[in-house]
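Taking it in order: structure first as structure tokens, then the write-up.
The values are calculated or read from the model by the stated rules, or taken from the named source; none is laboratory data. Quick caveat: nothing in here was measured; it's all calculated off a predicted structure. In this analysis, Cβ positions are derived from the backbone assuming ideal geometry, glycine residues included, and neighbour counts consider all displayed protein chains. Heads up: the accessible areas ignore ligands, DNA and RNA and are worked out on the full protein's heavy atoms, side chains in. Shrake-Rupley method; radii C 1.70, N 1.55, O 1.52, S 1.80 Å.
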Amino acid sequence: MSSEWPLWEVFIRGQHGLNHRHVGSLHAPDAEMAIHNARDVYTRRNEGVSIWVVRSTDITASTPSEKGPLFDPANSKVYRHPTFFDVPDEVGHM
Amino acid sequence: MYAQMVKTDGTRVKSLDDMEPEERAFQQRIEAGQKIEPKEWMPEAYRKTLVRQISQHAHSEIVGQLPEGNWITRAPTLERKAILLAKVQDEAGHGLYLYCAAETLGISRDEMYEQLHSGKAKYSSIFNYPTLSWADIGAIGWLVDGAAIMNQVPLQRCSYGPYARAMVRICKEESFHQRQGFDILAKMVKGTPAQKAMVQDALDRWWWPSLMMFGPSDDASVHSAQSMAWKIKQNSNDELRQKFVDQTVPQADYLGLTVPDPELKWNETKGGYDFGEPDWKEFFEVIAGNGLCNAERLGARRKAWDDGAWFREGLLAHAAKAEARRTTAPAAAE
Amino acid sequence: MSVTPTPSGDGTVLFEFLQRMGDNALILGHRLSEWCGHAPALEEDIALANTALDLIGQTQLWLGLAGEVEGKGRTADNLAYLRDATEFRNVLLVERPNGDFGKTLMRQFLFDAWHLVILQALRSAADKRIADIAEKAAKEVAYHLDRSRDLIVRLGDGTAESHRRMQEALDELWPYTGELFIGDTGDAELAAAGIIPAPESLKGAWDDVVGETLAEATLKKPADGYMHKGGKRGVHTEHMGFILAEMQFLQRAYPCATW
């Protein structure tokens, strides 16, 4: 048996109610301890209000070679961004 | 620096024309300022060099806990004790972030520890010098962290994503370290003659080792040239050392201290200080393991690791048992 | 130095109690800080330092208030760095040497379990200054107990070796737990005034937490045999002198200096 604790990815929701954000990783024997360790390692400066941990090996990632097909199509759909549309100044805030 | 004289495996820096298409595309992305992320294609030499550099950096952080940790139990006030403990704890955190960054390159933390404990991996020469007085704690914050910041700020822009992001986090936390060091000294030089003498003595001992942290001149080094081409090193050693001296000497003046270098002189034409050459023979001896504290530092790390084996195994065994209970319990209940 | 608390009115018994709270936090925080850089895993190194930092912070509050109550102009630092061992009021448990990591954790758990119970009671102390400190400290200590309790269970129910070490630690430290629950006349006086809970009254809640935890950890609770005592009235073990020699060195060697 390998004696190394498994690796966990840590996600923290900051003070301002934003989405959980990946902040780094750490080692822990199981999920409960990973939460404890995340609290001690990644919130030393009062950075968070909620913690998620996920075993690194449980993350399924898009493969880098598919980056073109996955993300390029969205590049051409500029109309999805509000800045695509010109709003006349007279109209005011929209 | 925390990573000194990192080798790159290469004998010369290839031009774009010499590269296979894959490598050329990689190099062009780096030159365009894009970040390389884990699992993306990268030259094996780039990966290996990064593993060496990041792990050496991580080792320096955790070995660096020891000389300062020495004084936590002797800190002169409750507030100083808390600040120093928080600072040394930060170093452990920095080591942790860096080990994790290196792990994205396909090496485990245990393997890196093994390399440290066997003496195969290096760590910064600076931590093999002893901390002999409370003023040394101030001097380390001011000079050693000051020198480290010189190097770490540009590394926030390095080409490897996880390393760059670790550096961002580290730099954010590090900003209090140098100040707490300077603050210790500023208080002491306003104190009794004995305190002031203690500060001067600390500067006398830490000045030259701090300059050595940047490593010998690397203008002719193929390793440095390659690392710069890969953007995992941004400035030459001499450049950073000059910047450090220019920044630090006025601070020493402010404290009323004498920098122990008879050759130190302001050079109007270059707009910086001229200064003497560190004792590079000493540097190479320390790097080779012959410094005053090498054996003790490594011994302490090995002991912590060996003595802690039963603890790590115990927790792992419990996690396995608990997992087994969770998976068999529903079946038993049916 | 006052060994026998005098009747209230001059604040002596309160001063005595505040020193006990402050000194427990100080000496345990000091012991924990000895681990910094030497723990069995980086994550534990960082976690333990957090606990130590909380305790040092609590020390500043308790000893700060102690100095105020004493009314002789002594600060928390004066009390921490310029009293001799006979003037320290911490229980013997917290000055026990760290030993292996298991012993450190067991000492922590046995103390945390008591610490949380007393702090929770102190939150409703008739003296608001005490209630305020207890309010803040109780939150920190609730987390300390979470962590130490969890680790005791895991290591007790881990490998044969971790079980053996934890049982050894428990057997060795058990005789130092009795002192936590022994009151004196000063305690009785403060308890009657609604300022502190009577030490004896905390035993039940402590027994529950400790009993449940040890059972889950598959550890055998030692019998309540002979219990060591003395720390609360300034009679310490040999370790105390060495702790202070190290901790107070700079303040003692350079008497007129500020840092």
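Quick rundown of the values:
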| item | result |
| --- | --- |
| Heavy-atom accessible area ranking, 1.4 Å probe, most first, across B:Lys7, C:Lys139, C:Lys232 | C:Lys139, B:Lys7, C:Lys232 |
| Accessible-area ranking of A:His93, A:His81, A:His36, largest first, probe 1.4 Å | A:His93, A:His81, A:His36 |
| 1.4 Å probe, heavy atoms, protein only - residues of segment C:23-44 losing at least 50 Å² accessible area vs chain alone | C:Ser33, C:Cys36, C:Gly37, C:His38, C:Pro40, C:Leu42, C:Glu43 |
| Accessible surface buried upon C-B contact (total; probe 1.4 Å; Å², nearest 100) | 4200 Å² |
| 1.4 Å probe accessible area per residue over chain C, in Å² | 36 Å² |
| Cα lying deepest toward the dipole's positive end in segment B:132-213, options B:Gln156, B:Ala186, B:Ile137, charges on Cβ | B:Gln156 |
| Peptide C:159-166, shielding by other chains (average Cβ, 10 Å cutoff) | 4 |
| Part-to-part distance (alpha-carbon centres) for segment B:19-75 and segment B:295-331, which is given in Å | 28 Å |
| Accessible area expressed per residue, chain B, with surrounding protein chains retained (probe 1.4 Å, Å²) | 40 Å² |
| Heavy-atom SASA rank of B:Glu40, A:Glu90, B:Glu174, C:Glu200 (probe 1.4 Å, accessible area, largest first) | A:Glu90, C:Glu200, B:Glu40, B:Glu174 |
| Selected from A:Thr57, A:Phe11, A:Pro29, residue furthest toward positive end of dipole (chain A; charges at beta carbon) | A:Pro29 |
| Segment C:228-254 versus segment B:81-101: alpha-carbon centroid distance in Å | 29 Å |
| Stretchable slack from A:Met94 to A:Leu18, in nm (0.36 nm times residue separation minus alpha-carbon distance) | 25.0 nm |
| Charged-residue dipole, Cβ positions (Lys, Arg, Asp, Glu), chain B about Cα centre, Debye nearest 20 | 840 debye |
| Rounded FRET efficiency, nearest 0.05, which uses the C-beta distance separating B:Glu79 from C:Lys72 and R0 of 30 Å | 0.90 |
| Nearest-0.05 FRET efficiency for B:Lys7 and B:Ala295, computed from C-beta distance (R0 35 Å) | 0.90 |
| Per-residue average of Cβ from other chains inside 10 Å of C:145-154 | 3 |
| Estimated FRET transfer efficiency (B:Ala320, A:Leu70; beta-carbon r; R0 51 Å; 0.05) | 0.85 |
| Estimated [θ] at 222 nm from DSSP helical runs (n ≥ 4, -39500 (n - 2.57)) normalised by residues in chain B, nearest 500 | -20500 deg cm²/dmol |
| Interface size A-C, as summed buried accessible area [1.4 Å probe, Å², nearest 100] | 1200 Å² |
| Carbon/sulfur fraction of accessible area - the protein assembly as shown, other protein chains in place, 1.4 Å, % | 55 percent |
| Cβ charges +1 (Lys, Arg) and -1 (Asp, Glu), total dipole of the protein assembly as shown, debye | 200 debye |
| Packing rank of C:247-257, C:118-128, where each peptide gets the mean count of other beta carbons within 10 Å, highest leading | C:118-128, C:247-257 |
| Average partner coverage of B:46-54, which counts Cβ from other chains inside 10 Å | 0 |
| Between segment C:199-225 and segment C:93-123, the Cα center-to-center distance that results, in Å | 13 Å |
| Spin-label model distance (nm) - A:Ile59 vs B:Thr192, 7 Å beyond Cα toward Cβ | 5.5 nm |
| Where B meets A: accessible area buried, both sides, 1.4 Å probe, Å² | 1900 Å² |
| Shielded residues, segment B:297-326 - accessible-area loss of 50 Å² or more between chain alone and all protein chains, probe 1.4 Å | B:Trp310, B:Phe311, B:Arg312, B:Leu315, B:Leu316, B:His318 |
| Rounded to the nearest 20 debye, dipole of segment A:4-89 from Cβ charges on Lys, Arg, Asp, Glu | 160 debye |
| Under 5 Å, built H, 5+ apart or other chain: amide partners of A:Leu7 | A:Ser56 |
| Highest-fluctuation residue, C:Pro97, C:Pro197, C:Pro40 considered, GNM on chain C with Cα pairs under 10 Å | C:Pro40 |
| Loop-located trypsin sites (Lys or Arg not before Pro) in chain A, at most 14 other Cβ atoms within 10 Å (DSSP) | A:Arg45, A:Lys77 |
